[in-house]
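The values are calculated or read from the model by the stated rules, or taken from the named source; none is laboratory data. Computed from a predicted structure; not experimentally measured. Positions of Cβ are generated from backbone atoms using ideal geometry, with glycine treated the same way; all protein chains shown enter the neighbour counts. To get the accessible areas, we keep the full protein, side chains included, count just its heavy atoms, and leave off ligands, DNA and RNA. Shrake-Rupley method; radii C 1.70, N 1.55, O 1.52, S 1.80 Å.
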Amino acid sequence: MKTSVPAVAVWGRAAPSHSITAVMITDDQQTIVTGSQEGQICLWDLTSDLKISSKEILFGHTASVTCLAKARE
């Protein structure tokens, strides 16, 4: 049985900027990945009725994320 855990974002009064510079959708079409000018990568859930909700935000890049690629098995 798959358990769903809601994403929790912790930051100050305002969320960090996320000026999108790259977009990718996974092969199963359930996750959108965005890269930002600020160096973040965000994962978004995409439902079959096209509703989008935040999943995770990844920090660590020191430069803009200008492209995204999928790894192959």
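In the range 16-31, which residue that is modelled with pLDDT of 90 or more and of a type in the set (Val, Ile, Thr) is nearest to Ala71 (Cα to Cα)?
Ranking the candidates gives Thr26 first.
Cβ contacts < 8 Å: first residue of a type in the set (A, V, I, L, M), restricted to the range 44-73; second residue open to solvent by less than 90 Å² (accessible area, probe 1.4 Å) and assigned to a loop (DSSP other than H, G, I, E, B), any location; separation 6+ or different chain. Result?
Taking only residues 6 or more apart or on different chains, the pairs are Ile57/Ala9; Ile57/Pro16; Ile57/His18; Ile57/Gln40; Leu58/Gln40; Ala63/Gly39; Val65/Gly39; Val65/Gln40.
Given the residues Thr34, Thr3, which is the only one that is hydroxyl-bearing (Ser, Thr, Tyr), under 14 Å from the mean Cα position of the chain (by Cα) and either assigned to a strand (DSSP E or B) or modelled with pLDDT under 65 (or both)?
So the residue among Thr34, Thr3 that is hydroxyl-bearing (Ser, Thr, Tyr), under 14 Å from the mean Cα position of the chain (by Cα) and either assigned to a strand (DSSP E or B) or modelled with pLDDT under 65 (or both) is Thr34.
If you scan the range 15-73, which residues turn out to be small (Gly, Ala, Ser) and surrounded by 10 or more Cβ atoms within 10 Å (Cβ to Cβ)?
Ala15, Ser19, Ala22, Gly35, Ser36, Gly39, Ser53, Ser54, Ser64
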